[in-house]
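For reference, the structure is listed below as structure tokens.
Please treat every number below as a calculation from the coordinates, not as lab data. Everything numeric here is computed off the predicted structure, so don't read it as measured data. FYI the Cβ positions are ideal-geometry reconstructions off the backbone, even for glycines, and counts take in every protein chain you see.
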Amino acid sequence: MKKIPASWLNDFAYCEYQIYLEHGRGAKPEPKPETEESKAAQASLEEPYKAGAKLELSVEDAMAKACGEGIAVSARGVEVEGVDIVGCIDEIVFMPDRILVIDDKPGDMAWPGSRMQAWGYCVAFEEQYDPRLPLMAAIRGRETGYEVWAQPFTEGHREEVQRAVFRIRQLIDGEAIPVGTRNRRKCQACRLAASCDVKVA
Ligand code: SF4
């Protein structure tokens with residue numbers, strides 16, 4: 001069965017009709033203009049990662065080091081693959097008593113879709129690595145580097161992600177009738193608005 005990229009959870013939470021349009025009907029999103037500020041912010045976040053790449057440990061070694069030595073160890077750009085979800089986690093911080101799964105997002109808001117994506121990373125990470133420590137999901141502002149939201153990952157979040165994955169599969173396989181948002185503002189900002197036949201004008 002096709003694995004679902006964690007970023008689709010974000011799109012799904014925004015409007016499930018996006019999933020149907022893009023992955024069921026093959027609609028192409030309009031490219032978003034990338035500002036100089038966002039390019040610079042991304043580059044500044046990538047630099048320390050590149051500089052420290054030689055020192056990177058495996059996830060297992062990082063977990064063992066954090067617990068064994070009582071220190072925080074971080075890894076950036078960690079690919080994860082769970083039973084249903086795949087993705088690349090922007091940063092994981094392994095601490096002696098917990099593991100912080102961080103997703104970088106533009107702006108300073110933890111939108112429901114961003115939170116759902118972060119829970120999706122937690123699900124995939126837990127399934128792949130079976131950590132002994134509790135997970136926390138966090139969202140960090142891409143431009144500022146400040147954490148804007150963090151919450152412990154629970155069984156309820158796992159179930160929420162599983163329900164979303166089930167519905168996404170139904171939508172892309174044509175087994176469910178997609179429902180568009182009734183929120184005009186979402187439609188105005190939607191990258192698939194030009195292809196959408198149910199958008200709110
Ligand atoms: S235009 Fe509106 S209804 Fe259509 S996919 Fe986008 S958000 Fe959903």
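Annotations
- The Cα-based radius of gyration and maximum Cα-Cα distance (Dmax) for the chain are 17.9, 58 Å.
- Efficiency of FRET from Cβ geometry, GLU175 and THR144, R₀ 41 Å, rounded to 0.05: 0.50
- Antiparallel DSSP beta bridges within the chain, percent to nearest 5: 65
- Exposed GluC sites (Glu not before Pro) absent - longest run of the chain, DSSP non-H/G/I/E/B, at most 11 other C-beta within 10 Å: 35-174
- Projected label points at ALA189 and GLU60, each 7 Å from Cα along the beta carbon direction, are separated by 4.2 nanometres.
- Inter-label distance, nm, simple model (7 Å from Cα along the C-beta direction), CYS67/MET109: 4.0
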